[in-house]
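Engineer: Next up is a structure, given as structure tokens.
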Amino acid sequence: MSPTLVPAPASAVVRDGPAPDLAAGVRVDADPAFAAEGARLVDALGSGSAPVAIRHGDHPEEGYALRVEEDGVVIEAATAAGVFYAGRTLIQLAEAAGPTAVEIRDEPRFAYRGIMLDVARHFHPVETVCALIDRASDLKLNTLHLHLTDDQGWRLALSARPELAELASGTAVDGDPGGFYTADDYARIIAYAADRHMIVVPEIDVPGHTHAVGLAYPELAADPVIGDEVREVTAEFGGSLPVAGEPYTAIGVGFSSLRADAPGVDAFLTDVFHELAALTPGPYLHLGGDEALGTSADDYRSLVDRAARTVAATGKTPIAWHEAGAAPLPRGTIGQYWGFLAPTDGHDDRARAFVANGGRLILSPADAIYLDMKDSLDAPIGLTWANGPTSVERSYRWDPADVIPGIAEDDILGVEAALWTETVRTRADLERLLLPRLASAAEAAWSPSYGSVPARTWQSFRERVAARGSAWERDAPGFGRSPEIPWP
Ligand code: TNX
């Protein structure tokens, strides 16, 4: 029998013996290096009589050992992150009916475990982002990727380029209110994430998805290139076609581009990425590179090359969506694959180019972990372009090592779920699409490979996710109560 934990741990052995009553609260004795994690555990479980010892031990970077025995709980880890993850596990055990004696040894399969939030199509305030950080870190994710700019708005104030927030952040999809983060807001998000052992990866999307840049700097933006796709999307979802110099509030993609020959474009890239690097303690900056359908192939290669070199010059490692594999990139640039579980249209070729260039891949297969896809046809919000609705089951039944032929385990940096927000206005909307499918992404990122152990099966996952229901009722009341899960 395995305990009802999400994500499933690397190994867990349930023992027959009795266990202390964790619901009655804990008394923590922590190695001084882990005092803050000890205090966090008392906060979460309440102060009481069940003894918990937190010790330093030789374990992988984010790994831990956790023993629940009759006379108490022992946690061992090498890092504060490891203790934090042991704590997430202990909290889930305490919430389960009748905790039993158990011995867990756990460590993540992949180093990068992310959730992307698009704050450009709809802006989401700091409080909502912090709530997302809580849900993601509960599931042992360690990266928040913020998609900060798109055709509909620019969402980060930069002192070198104040016009961006002033002139290009006022609206959102459907003409909803826009918004932007001040440097202080952005610092609050980073600090809140860091406290939960998550880094922030900011994305400034170039050369496409830049219509809003033209509201501040018309000379940098090419005229919209309106192809069949934009017309079809506008016909289906409403709104107007893009017009240069006017805010864009519909949901077409691929019509906008920076102008490769604009004299100011390199100064723009330099100002933006250098200030972004100064505001961001984490090791990565994401430069987008996706869906630049209105950019000629030559201009695309030139602009991606210049953007990626600018990012590398800041000392950060560039990340780009997989299309950028067609451009020259600094060695070691990370690629983010958003194609399907069964790659089409050469998307896998673009992804393999990153590995050939000494980089690794983040996997975000759209028909599995694009959480903005509807989970069923009658879902009130969400899109369907990625092979129709994505059921919870489909979000779960796949393995990162099986997606791109020729890509080995070591070529994969990690896994990231993405939540684009064309249809996501409120925190409740966000929760509706986020959970339970974020848990599928968390297992792909943290747990042993799909099907390799009894816990990594759809049948086991359904039951373990069901046990999260009451915590989510409390913490994320908008969450998606999918009929695929046997909620209690
Ligand atoms: C594709 S895949 C996008 C976004 C959209 C999303 C909607 C990728 C890198 N870009 O621009 O918001 O689909 O699902």
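Nothing in this text is a laboratory measurement; each read-out follows from the coordinates by a stated rule. Given the structure is predicted, the values throughout are model-derived calculations rather than measurements. Positions of Cβ are backbone-derived with ideal geometry, glycine not excepted, and every protein chain shown enters the neighbour counts.
Engineer: What list of ³J(HN,Hα) values in whole Hz, one per residue of the stretch 7-24 in order, does the Karplus curve 6.51 cos²θ - 1.76 cosθ + 1.60 (θ = phi - 60°) give from phi, with Gly and Pro shown as x?
Structural biologist: In residue order, the calculated couplings are x, 4, x, 4, 7, 8, 10, 7, 9, 6, x, x, 9, x, 7, 5, 5, 7 Hz.
Engineer: Subtract the Cα-Cα distance of Ser49 and Glu69 from 0.36 nm times their separation in residues, and report this length gain in nm to one decimal.
Structural biologist: Details: separation 20, 0.36 × 20 = 7.20 nm, distance 1.41 nm.
Taking Ser49 through Glu69 to full extension adds about 5.8 nm, to one decimal.
Engineer: Would you mind calculating the gained length between Glu127 and Ser449 on full extension (0.36 nm times residue separation, minus the Cα-Cα distance), in nm to one decimal? Please report the intermediate quantities before stating the final value.
Structural biologist: On the way: separation 322, 0.36 × 322 = 115.92 nm, distance 3.40 nm.
The Glu127-Ser449 span can extend by a further 112.5 nm.
Engineer: How far apart, in nm, are two points set 7 Å out from the Cα along the Cα-to-Cβ line at Arg15 and at Asp298?
Structural biologist: 7.2
Engineer: Follow-up. To one decimal place, what Kirkwood hydrodynamic radius in Å is obtained for the stretch 235-324 from all pairs of distinct Cα atoms? It would help to have the intermediate numbers written out before the result.
Structural biologist: Details: mean 1/r = 0.0687 Å⁻¹.
Value: 14.6 Å, from the Cα pair sum.
Engineer: Listing Arg397, Arg196, Arg464 from the residue with the fewest other Cβ atoms within 10 Å to the one with the most, what is the order?
Structural biologist: If I rank by nearby Cβ atoms, fewest first, I get Arg397, Arg196, Arg464.
Engineer: From the square roots a ≥ b ≥ c of the eigenvalues of the alpha-carbon gyration tensor of the stretch 8-62, which class results: rounded (a/c under 1.5), prolate (a/b over b/c), or oblate?
Structural biologist: oblate
Engineer: With a ≥ b ≥ c the root eigenvalues of the C-alpha gyration tensor of the stretch 310-354, is it rounded (a/c under 1.5), prolate (a/b larger than b/c) or oblate?
Structural biologist: Prolate.
Engineer: Right, next: Explain nothing, just the number: relative contact order of the chain, from Cα pairs under 8 Å at least 6 residues apart, as a whole percent.
Structural biologist: Relative contact order here is 13 percent.
Engineer: Something else: Determine, from the Cβ-Cβ distance of Asp305 and Ser376 and an R0 of 41 Å, the FRET efficiency 1/(1 + (r/R0)^6), rounded to the nearest 0.05.
Structural biologist: Step by step, r from the Cβ atoms, then E = 0.45.
Engineer: In addition: What is the spin-label model distance, in nm, from Asp58 to Thr457 if the labels are put 7 Å beyond Cα along the C-beta direction?
Structural biologist: 3.6
Engineer: Arrange His56, His322, His197 by Cβ neighbour counts within 10 Å, fewest through most, would you?
Structural biologist: By the 10 Å Cβ count, ascending: His56, His197, His322.
Engineer: Next up: May I ask for log10 I(q)/I(0) of the chain at q = 0.11, 0.12 Å⁻¹, from a Debye sum over the Cα atoms as equal point scatterers with solvent left out?
Structural biologist: Debye intensities relative to I(0), on a log10 scale: -0.88, -1.04.
Engineer: I need the shape label for the stretch 284-359. Rule: rounded when a/c is under 1.5, else prolate if a/b > b/c, else oblate, with a, b, c from the alpha carbon gyration tensor.
Structural biologist: Oblate is the answer for the stretch 284-359, as a/c is 1.5 or above yet b/c matches or exceeds a/b.
Engineer: Residue separation times 0.36 nm, minus the C-alpha to C-alpha distance between Ala187 and Ala39: what's the value?
Structural biologist: Stretched out fully, the Ala187 to Ala39 stretch lengthens by 50.9 nm.
Engineer: Provide the per-residue ³J(HN,Hα) series for the stretch 325-339, in order, calculated from phi with Karplus coefficients 6.51, -1.76, 1.60 and θ = phi - 60°, each as a whole number of Hz, with x at glycine and proline positions.
Structural biologist: x, 7, 10, x, 9, x, 4, x, 4, 8, x, 10, 8, 10, x
Engineer: Continuing with this model, one more query. Could you go through the stretch 359-375 in sequence order and give the Karplus-derived ³J(HN,Hα) for each residue, using 6.51 cos²θ - 1.76 cosθ + 1.60 with θ = phi - 60°, rounded to whole Hz, and x for Gly and Pro?
Structural biologist: Going residue by residue, I get x, 10, 10, 9, 9, 10, x, 5, 7, 10, 10, 7, 6, 7, 6, 3, 8 Hz, with x marking Gly and Pro.
Engineer: Ok, one more. Per the helix-only calculation at 222 nm, which mean residue ellipticity applies to the chain, given -39500 (n - 2.57) for every DSSP H run of n ≥ 4 and division by its residues, nearest 500 deg cm²/dmol? Mind dumping the intermediate values first?
Structural biologist: Details: 16 runs with 159 residues, N = 488.
Counting only the DSSP helices, I get -9500 deg cm²/dmol.
Engineer: To continue, here is another question. Just rank Glu37, Glu416, fewest to most, by other beta-carbon atoms within 10 angstrom.
Structural biologist: Result, fewest neighbours first: Glu37, Glu416.
Engineer: Can you list residues from other chains, or at least 5 along the same chain, whose modelled amide H is less than 5 Å from the amide H of Leu285?
Structural biologist: Residues meeting the criterion, in which the H sits 1.01 Å from N, are Thr317, Ile319.
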